[in-house]
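Peer 1: One structure, as structure tokens, below. Some questions next.
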Amino acid sequence: MSTYLPLELFDCIAEFVADQQTLLALTRSLPYAPISINRLFHFIRITHPDTVPKLYRRIRSGFPSSTSSDRDENLDSGNNHIIRTFDASGLVHHLAVESWTVDADVLINLLRLLPNLWTLNLWIGPSNFSPEHLEEMFKPPMRSLEYLSLRFRPYVKKATYYQFLKGSYFDSTLLAIAAWPPSSKGLPTLSIVQDAFIPDPNDPIPRFAQPIVFFRLDLHLSVLVHSPASQRSLTFLRVRIPARPIIQSLTVAYLHPTDPNPDTNPDPPPLKFLDIATCAVSEADVEKLLVRFTCLKHLVLDACTSLLRSGSPQTSGAELDWWFALGRRLALTGVKRAKEREKELKAWYEARQRTLFPPDMLDDIQEGQQHQEQKRVRKGRKGLATATITLRGSATSPPRAGARRPSPVRPRQPQTAATASSSSSVTGQLNVTSDLHQEEDGSTNELSASGDEHKSDEGFDDMETKPSPTPEKKPRSLTRNPGKRRAVPSKTIPEPSSIQRSKLRPIPKLYIIPPLPILSSLSLFPASAQNAPPSTGINHDIQVQIRAEFERGWNDGLRVIWEVRARLGMTFSRSQDDDRNKGKGKGKTKEDTPKPRFFMLKDRKMWRDIYHSDDEEAEEEKEGHEGLQGVFPGMEDIFFRSEATLIDCGAPVLCLAGSGVDSTGHASGCGHFIGNQAGLERL
């Protein structure tokens, strides 16, 4: 009778054993237990360089042998008979090569035999891997790969300039991965780490700089991040290149390595976790990251040389205002994102008008808009201050500074036929100039040459006025030249079609509601000072004060966002009232005045059409409104506070402990724990 547990229970126990050595010890201690040996191949960790050739021979022996050389490899050295093994190539899902001296050629041949590889962790040293090796390794697409970690160490025990003098850089590795076609799973997790060179603390003068692994990091990393292989699936990204600027590679999209011009409107990857520790990052760069990546929740900025250093006033508690300003700045990134999107949307409207209408027609529209703005009656007594005439005598009121002295009034002479003709022509020109603004608004007016409606002589009873005779011929249509004040003959403007006439409207006012921040955790650990031992962290009592100031600044930023939303809500309510009054026939509304439009930013995964009709105009506007949702009547609650939004927008967790294995004092839910749960290697 068997005294062991059923096979299903042993499989459940083996699922929680990720270490290969532990599982192997379990099979040795219980030799008759029904433990499947297939799990020995699921997770393979290589720490010695001799293990790679042995694993290659074992995987290769499971294939059907067809040649004499293959049969010789499968012969047992003791009794010279063929070893019968099963095919284990499809059982290897996780492979970690944690050795700096592995034979690169054998490893490349091994990876060719593993079709179902899910995770790959490589340590790349200076003596085993060259850029050509990695380019050959990643040139064939790995469609089943979901996790890729590349850890570079350009030196082992002694730092050298060999790679720099040789001109050997690993930029081709990034381009090879970027050339992968999109797959169903994509590449959700990517880690690229360069070990920092730690100088000897006993040496007062640094004699070696950080080695260069990637020559054009700003261009080639951007190509990889925005490539089809990772653009829609990359959620966890870790890039640690000591003292190298990294922000341009992440925020500026380059789609081709030979094209230095970036794409102006790319889709950023949906990053939720970003670790750029040890890179050169400033406060403004952190704001750019949050504006760019709308789904980012966890940000790790440990040992960033340009952000926070050990022994600085920020870490000693002398400048707590810095933490207040940092929290407020991170909370207000949604306001900046909304302003930038408003500029893009307005530029799209202007470009769309240029494609629909001829240039002459657009000039008339712009001149009409400018004239309407100038004709608006301004509040106050500004009209009296800028008056050009006075009803008082010149003797009682002295002339203004810079004004012309009025000429003495001469008695009116009897008007002759020539004088009447000349005055009527001048009066007709004045009437033509005043009517030009109505013609710019889209209406065609007949220019009258009569001066009956000219009221320049009103208020002077002592002067006699006579109507000027009507000329026999009408003058040519005149238009005002924007560059000069005199009237010039106009060009022939084509008559707009019915579709163009319906679209011939000014650009409406565009408002985008600033989104609320979604950052959940921020990890900051001070970098060590120059020529100093590694940083020991921040005192616990000072950490409490820092977290309090950071949270206070975050809450102040939320207050500003809600104030901006409240002002937009009042504007939205006024526009709705104007529409209701217009429908009832109340109030004074202009038909040419466009209705302001309100939008809200949405997650790229939740994009949907903001139009409910299938007409041609709606289809054209969908292109410029990607990532936006229209705000319609009944959605006024988004402008005001609610209990649900206050809970979701709490201050993020501020972790001031390092990312080392032995570091203590981690805050609950910090980015270090999130990275470990995603399978990122502990550094």
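We did not get these values from a lab; they are worked out from the coordinates using the rules stated. Only a predicted model underlies this, so the values are computations on that prediction, with no experimental measurement involved. Ideal geometry is used to build each Cβ from the backbone, glycine not excepted, and the neighbour counts take in all protein chains shown.
Peer 1: Sorting check: for 218-230, 282-294, 540-552, which peptide has the highest mean count of neighbouring beta carbons within 10 Å, and how do the rest follow?
Peer 2: Output ranking for 218-230, 282-294, 540-552: 218-230, 282-294, 540-552.
Peer 1: So if we plug the beta-carbon distance of residue 626 and residue 540 into 1/(1 + (r/R0)^6) with R0 = 41 Å, what FRET efficiency do we get, rounded to 0.05?
Peer 2: Efficiency, from the Cβ-Cβ distance: 0.30.
Peer 1: For residue 119 and residue 232 in one chain, what is 0.36 nm times their gap in residues minus the Cα-Cα distance, to one decimal in nm?
Peer 2: Value of the extension gain: 38.8 nm.
Peer 1: What is the diffusion coefficient of the stretch 1-52 in µm²/s, taking the Kirkwood radius over Cα pairs and the Stokes-Einstein relation at 4 °C with a viscosity of 1.567 mPa s?
Peer 2: Here the translational diffusion coefficient equals 108 µm²/s.
Peer 1: Turning to a different aspect of this structure: Beyond 21 Å between alpha-carbons counts as too far, so tell me which of 185/336; 343/595; 185/602; 272/346; 288/509; 346/595 fall in that bin.
Peer 2: Over 21 Å Cα-Cα: 185/336; 185/602; 272/346; 288/509.
Peer 1: Which of the peptides 31-42, 232-243 is most tightly packed, and how do the rest follow, going by the mean number of other Cβ atoms within 10 Å of each residue?
Peer 2: 232-243, 31-42
Peer 1: What percent do you get for the relative contact order of the stretch 231-330 when only Cα pairs under 8 Å and 6+ apart count? Could the numbers behind the result be given before it?
Peer 2: Details: 142 pairs, mean separation 28.5, N = 100.
Relative contact order comes out at 29 percent.
Peer 1: Contour minus end-to-end for residue 580 and residue 216, with contour as 0.36 nm per residue of separation and end-to-end as the Cα-Cα distance? Intermediate results must be reported in sequence, preceding the final value.
Peer 2: Working: separation 364, 0.36 × 364 = 131.04 nm, distance 5.87 nm.
Extra length available between residue 580 and residue 216 comes to 125.2 nm.
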